[in-house]
Each structure stands twice: as structure tokens, then as C-alpha cells.
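**Student:** So that we are looking at the same thing, I have put the structure below in C-alpha cells.
Values quoted throughout were computed directly from the atomic coordinates according to the rules given, and no laboratory measurement underlies them. Given the structure is predicted, the values throughout are model-derived calculations rather than measurements. Cβ atoms come from the backbone with ideal geometry, glycine included; neighbour counts cover every protein chain shown.
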Amino acid sequence: ANKKLLILPGDGIGPEVMREVRRVIDWMDRRRGIRFEMTEDLVGGAAIDARGTPIAPETVTAAKEADAVLFGSVGGPKWDTLGWDMRPEIAILTLRKELDLFANLRPAVVLDPLVDASTLKPDVVRGLDLMIVRESTGGLYFGEPRGVETLPDGQQRGFDTESYTTNEIERVARLSFELARKRKNRLASVEKANVMQSGLFWRKTVTALHQREFADVELTHMYADNCAMQLVRNPRQFDVIVTSNVFGDLLSDLASMLTGSLGMLPSATLGAADGTGRRHALYEPIHGSAPDIAGRGVANPLAQILSFAMLLRYSFDMEEEAALVENACTRVLASGLRTADIMQTGTAKVGTSVMGEAILRE
Ligand code: NAI
Ligand code: MG
């Protein structure tokens, strides 16, 4: 079957770094005979300018029909004043919702040549390779009831609800156990079972699933505050971490800084598998559209290229090709080439396309 890929570069540096991915895809085609059926479309500010909407209905349909979506980044000052319904971010929020992308995978990997770029000491992070799985369609950011109400005594109260059903917990935990099996076979489930009912329920549900289906995986439970501390103290103790939407938001941002630069970090967001094992999936760098450097040809393309490597691994089971791309990135860094965001002493500063070219060569 053809591998259907929808490419959505977006705004700012999105199209600049996506161009380098297109070269990698061309290389795969020419040199390895791996062919994708590709469509490219506008999202975010670019779609607002061309069509008056951050994401057209046809784009959503195309995303549903694709095997995988490769997303760039959206937004920029040009569209900041258009109002709530015209935010470029609506493009990504709509895709997450329409494709029911409930699991956000954020790897934190320290590549050897960049070990000094970490905010921590080199000996703490050397060889770090962990994966945070954040539940991304439920919990505190979506739970009902929510709102602001006026109390009898005249003051107001703002409130949100943390809420998880058995199914919501099981599907993200199941995906995380399966991921752990393909890695170092260790899963840390993170909540606050000591002070939250929903946290205690999370822990019980994960424990039951573990006993039923994943007894071979080493499971530990950890409170979220302790996890934050452990990520800084000794991040290499972790393999896969699974957690709720709100804790995952904080912990994954924290973990990203263990590795150094925003321009290096990919992510995946996965949906439920259907009967045939096919699941919706969207891949994007962590970084945004970087309007401060857009149009200058200096953006780091590695996060976007590494997002494509994740796509090869998780949507197409192409482990060998994924590793090929990742190893090329490591070797280019080892050879001393750096974009401005990851400059270190003794390295050579290059722009986006020279970096892309070097990846192809490796
Ligand atoms: P940002 O990630 O775009 O930029 C933060 C800083 O990191 C900037 O100084 C930027 O130059 C630098 N940076 C980011 N990616 C880089 C790369 N690949 N190479 C070199 N340097 C890089 O975050 P910021 O400034 O908060 O947001 C800018 C715009 O992007 C906003 O409109 C925001 O809403 C949007 N955004 C979009 C996201 C998405 O599409 N998923 C995610 C985050 C922000
Ligand atoms: Mg965040």
C-alpha cells in the first residue's frame, strides 16, 4: 500500500525547515526506493491569508485520510490581533481533536556532541534517552465543569476539573507499555495519588492493566512533584514516563531543557489504532514558528528532520530508516557543524540549507 503523507509547513521558519525534510524524503526515494504519496497544504497564518481560516475543512479531511501528518509550526505577530477564532493555533488544536490524538510523545535525548548544551552537568545527562508520554485530550484542560462563578458572598471562584475515565487512562497507558517493551522495558506512571482522587484512580487503573497485560514490563509509580525533582537529579533513571495532560505539560517542558536546544526536539502525537493497527498520527517539532529569525535561513532544521524520523518509526515501522536519519544528525553534529542556536566553541556556524545538505551527505 502507498504511504500517504500530508505535509503542513505552516508559518515562519516552518516552511524553511520543512524544505530540508523534503530533501531527505527525495533522498529516500532516489537512494532507497522508498516512495510516499505526498500532499502539501497551508495551515495557520498562511491559510488565514489565503483562505480566511486557520485550517480548511478539506485539510482536515486530507489529514484523516493520510497515514501520517508532518506538521511545521504556526503563528506569528501578523496574526496575533485577529481574535480568538482566527488564531493560527486553531490549526493544530483542530487536528488534535478531529484525529483524536490522545498521546503526545516527547523524547528527551542528549546527543553526545551536544552534551555541553544541557542546562545540567554533562555527567548527569550523557547518553540520556527518555520518552515522556503525555495524555493530551483529557484531564484538567478539558474536564467539566469548568468556569468562573459568583458565590453567595459576592466573591468569584474560578475552577477546572481533573477527570479521567478508565478508557482514557488505559489507552494511553497501553500505548506507553507497548513503547517501553520496544525500549528498555521500564515504565514510570506519574500522578498525585497522595492528594488527588483522580490520581489514585489513575494509579489503580494502570496497576490493573499492568497485571492483566504487561506484567513483563517493569512498572513504578511516582508522584509528579518527585518526578520533577528526579528529572533534574538523575534523569537517566527513566525510560518511559506516562502521565496526565497537566503534569505532562510541565514535565515535558522541564525534560526538554535537559537536552539544550528547542531547535533539536521532535514530538509525535498519536491516536487510537483501528482494527488493522493503523492509527492517526501527527509529528511536529516542539519549537514554534520563531518569527524573530524567520526568513533569514538560519533556523535549525534538526527538530523537523528528527520529527520525520519519528514518523518513519512510529507510523511506518521503518526502524532502520529512522535510525539512519537520526545517526546522520548525530554525525553532522560530531563533525562540528552548528546552526546559531546550538553554537559551541570550536564549532562552525552554518545556515539551514548547509545543515540539511550535510545531513544528506551523512
Ligand atoms: P518559538 O519556539 O517559535 O521560539 C522561541 C525561541 O527559540 C526564539 O528565540 C526562536 O528564534 C528560537 N528557536 C525556535 N526554534 C528554532 C530553530 N528551529 N532554530 C533556531 N532557533 C529556534 O516560540 P515563541 O517565540 O514563543 O513563539 C513564536 C510563535 O510560534 C508564536 O506565534 C507561537 O504562538 C507559535 N508557536 C507555535 C507552536 C506550534 O506550531 N506548535 C508551538 C510554539 C509556539
Ligand atoms: Mg507547554
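**Student:** May I ask you to derive the FRET efficiency for S335 and N194 from their Cβ-Cβ distance with R0 = 45 Å, giving the value to the nearest 0.05?
**Tutor:** 0.40
**Student:** What per residue convex hull volume, in Å³, do the alpha-carbon atoms of the range 300-362 yield?
**Tutor:** Numbers: hull volume 4.3 nm³, N = 63.
Hull volume normalised by residue count: 69 Å³.
**Student:** Sticking with this one: Among H210, H287, which comes first, second and so on when ranked by fewest other beta-carbon atoms within 10 Å?
**Tutor:** Listing H210, H287 from fewest to most nearby Cβ atoms yields H210, H287.
**Student:** Using 7 Å Cα-to-Cβ label points, what is the R51/V148 separation (nm, one decimal)?
**Tutor:** The modelled label-to-label distance comes out at 3.4 nm.
**Student:** For a bin width of 5 Å, list the pair-distance distribution of the range 129-258 built from all Cα-Cα distances, rounded to whole %.
**Tutor:** P(r) over the range 129-258, rounded to whole percents: 2, 10, 21, 22, 18, 12, 6, 4, 3, 2, 1, 0.
**Student:** Give the aspartates and glutamates reachable from K64 as a straight Cα distance under 20 Å; neighbours fewer than 8 places away on the same chain don't count.
**Tutor:** The reachable aspartates and glutamates, counting only those whose Cα sits under 20 Å from K64, are E37, E40, D41, E89, E98, D100, D274, E284, D317.
**Student:** Rounded to whole Å, give me the distance from the Cα center of the range 40-71 to that of the range 315-347.
**Tutor:** 29 Å
**Student:** Roughly speaking, what is the stretch gain from R19 to T276, that is 0.36 nm per residue apart minus the C-alpha to C-alpha distance, in nm to one decimal?
**Tutor:** Numbers: separation 257, 0.36 × 257 = 92.52 nm, distance 3.22 nm.
Gain in length upon complete extension: 89.3 nm.
**Student:** Given the options T161, T137, T205, which has the most mean-square fluctuation in a GNM of the chain, springs set between C-alpha atoms less than 10 angstrom apart?
**Tutor:** Maximum among the listed residues: T161.
**Student:** Follow-up. Could you tell me which of the pairs K97/K121; K4/K204; K3/K97; K78/K192 are separated by over 32 angstrom between their Cα atoms in the structure shown?
**Tutor:** Check vs 32 Å cut-off fails for K97/K121; K4/K204; K78/K192.
**Student:** Moving on to the next point. Compute the relative contact order of the range 129-258 as a whole-number percentage, counting only Cα pairs closer than 8 Å that sit 6 or more residues apart in sequence.
**Tutor:** 37 percent
**Student:** Considering the chain as a Gaussian network with a 10 Å cut-off on Cα pairs, which listed residue, A63, A272, A91, attains the greatest mean-square fluctuation?
**Tutor:** In this elastic network of the chain, the residue with the biggest mean-square fluctuation among A63, A272, A91 is A272.
**Student:** Would you mind ranking L187, L82 by Cβ crowding within 10 Å, fewest neighbours first?
**Tutor:** In increasing order of surrounding Cβ atoms, one gets L82, L187.
**Student:** For the range 234-299 and the range 2-17, compute the distance between their C-alpha centroids and round to whole Å.
**Tutor:** For the range 234-299 versus the range 2-17, the Cα centre distance is 16 Å.
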